[in-house]
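The values are calculated or read from the model by the stated rules, or taken from the named source; none is laboratory data. These numbers were taken from a predicted model, which means no experiment stands behind them. When we count neighbours, we look across all protein chains shown, and the Cβ atoms used for this are built from the backbone with ideal geometry, even at glycine. Protein only, heavy atoms only, side chains kept; ligands, DNA and RNA dropped before computing areas. Shrake-Rupley method; radii C 1.70, N 1.55, O 1.52, S 1.80 Å.
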Amino acid sequence: MEKIPVFAPHIGVDTLKHVTDALDVGWLGMGATTKEFEERIAAFLGLKDRFVVVTNTGTSAFHIALRAAGIGPGDEVITPSFNYVADHQAIRMAGAEPVMCDVRDDNLGIDVEKAEALITKRTRAIDPLHFAGIPCDLDGVYRLAEKHGLRVLEDATHAFGSLHRGRKIGSFGDITWFSFDPVKVVTSIDGGCVVVNSEKELHDLQRLRLLGVDKDTTERYKNRRAWDYDVVSEGYRYHLTNIMASIGVSQIKRVDEFIASRQQVCKQYNKAFAPIEGVRIPPTDFEGVSPFIYSLRVLKGRRDALIAHLNARDIDVGVHFIPVHEHAYFASCRRGDMNVTDRVTKEVLTLPLHSNMKAEFVERVIDGVTGFFS
Ligand SMILES: Cc1ncc(COP(=O)(O)O)c(C=O)c1O
């Protein structure tokens, strides 16, 4: 029987053509295709007076977003422990300290009341995650940020194309950042981007992305280098090359198709699993949600038995996440009550979800889960 992977990239001949065309141009580094990817992201998100900078990973996107927001040594940033460790590492890379907050039991997004209890004089920002593509309590997050004068840097790595109150995540708010890593809905193999509100922050990000060089971006966007430049600040080697961007461009052209196909599978999963007493399905009908993963909650301590059952049927699964406060390097971080996090991390199970997933795979996953409970 063919093994069903939990993630599967969707790379078609269209992507191969984009890459060979980009190779033929002969300018392999950051250039005109990088700019085209940024323009297509802006068009897809429907940005008005907001600006996009692409980077070589989502983690680097967040790192320079923090720096562009002026966050550094002595500062604290509140983020869930129920999150990928990339966030906590990037906060430390910026010189700041992550403070870990619990999540809500319904959408597994940050618990705003618990976040408020963690605010001190050192708190500068909040980094909420839209887990699995389902928007977190954004109204609550922005109310809290306004009340305490905090920056918001939304981790939208799971939510490229999700809507909040009819608007695409990233098209409004403060800073939003995305990932285009190998398993995301849109991939550039590795990549990420930051969306900001001001031209000043746009230019800061462009400089931070390229070794602190003040004017190279404009030249490179024309597949040229600048030879008279100054280095005016700290900077990193975080640019996205034309070759990687060409993959991103090929993918974003098909993003609506990818999202629709994933929504379809998630709806089938929800329908099949809703009647099962031993599980909780995601709290959405997937309208307006761009699902990165399908995360099922397995109750009464039966998750590991279900994993064994599915693995025996050649169905691969994942667990998102191990709480970051359990990792040695972050165990000493300040944190609040982790009641929900500690419980849900033992319940969550990521089932296979692919763009244009084979119908036979979907049936096998459904049979595997329902068979275990019947
Ligand atoms: C929640 C979350 N945050 C941050 C990242 C980091 O993104 P990247 O892998 O592009 O650096 C990921 C990627 O897996 C993620 O899932």
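Normalising the average separation of contacting C-alpha pairs (under 8 angstrom, six or more residues apart) by the number of residues puts the relative contact order of the chain at 24 percent. Based on alpha-carbon atoms, the Kirkwood radius and the radius of gyration of the stretch 298-374 give Rg/Rh equal to 1.08.
Modelled this way, with points 7 Å down the Cα-to-C-beta line, the labels at Arg237 and Arg334 are 3.6 nm from one another.
Using a probe radius of 1.4 angstrom, the carbon and sulfur fraction of the accessible surface of the chain is 52%.
FRET efficiency for the pair Glu199 and Lys267, taken as 1/(1 + (r/R0)^6) with r the Cβ-Cβ distance and R0 = 35 Å, rounds to 0.30.
Name the shape class, rounded, prolate or oblate, that the alpha-carbon gyration tensor gives for the chain, where a ≥ b ≥ c are the square roots of its eigenvalues, rounded holds for a/c under 1.5, and otherwise prolate holds if a/b is larger than b/c and oblate otherwise. It comes out oblate by the Cα gyration axes. On a per residue basis, the stretch 154-252 carries 38 Å² of accessible surface, using protein heavy atoms and a 1.4 Å probe.
Between Arg225 and Lys121, the modelled labels are 4.8 nm apart [label points 7 Å from Cα along Cα→Cβ].
Taking all protein chains together and a 1.4 Å probe, the residues Glu277, Glu201 rank Glu277, Glu201 from largest to smallest accessible area.
Normalised per residue, the accessible area of the stretch 1-85 is 42 Å², obtained with a 1.4 Å probe and no contribution from ligands, DNA or RNA. Measuring only protein heavy atoms, the 1.4 Å probe finds Asp256 accessible over about 110 Å². Segment Glu146..Met93, full-extension length gain: 16.5 nm, with 0.36 nm per residue of separation and the alpha-carbon distance subtracted. What does the accessible area per residue of the stretch 288-374 come to in Å², with a 1.4 Å probe and no ligands, DNA or RNA counted? Counting only protein heavy atoms, the per-residue value for the stretch 288-374 is 42 Å². Charges were assigned to the Cβ only: +1 to each Lys and Arg, -1 to each Asp and Glu. The resulting dipole of the stretch 225-374 about its Cα centre is roughly 280 debye. Rounded to the nearest 0.05, what FRET efficiency do His309 and Asp106 give with R0 = 25 Å and r taken as the Cβ-Cβ distance? Could you check? Taking R0 as 25 Å, the efficiency between His309 and Asp106 is 0.40. What you get for the stretch 91-148, charging only the Cβ of Lys and Arg (+1) and of Asp and Glu (-1), is a dipole of about 400 debye around the Cα centre.
For the stretch 232-374, just say rounded, prolate or oblate: build the C-alpha gyration tensor, square-root its eigenvalues into a ≥ b ≥ c, call rounded for a/c under 1.5, and beyond that prolate if a/b exceeds b/c, oblate if not. Because a/c hits 1.5 or more and a/b fails to exceed b/c, the stretch 232-374 counts as oblate.
The helix-only estimate of mean residue ellipticity at 222 nm for the chain, built from DSSP H runs of length n ≥ 4 each weighted as -39500 (n - 2.57), is -11500 deg cm²/dmol after division by the residue total.
Look at the dipole of the stretch 170-282 built from charges on Cβ: of Ser198, Trp177, Ser261, the Cα furthest out on the positive end belongs to Ser261.
Going by accessible surface with a 1.4 Å probe and the largest first, Asp137, Asp337 read Asp337, Asp137.
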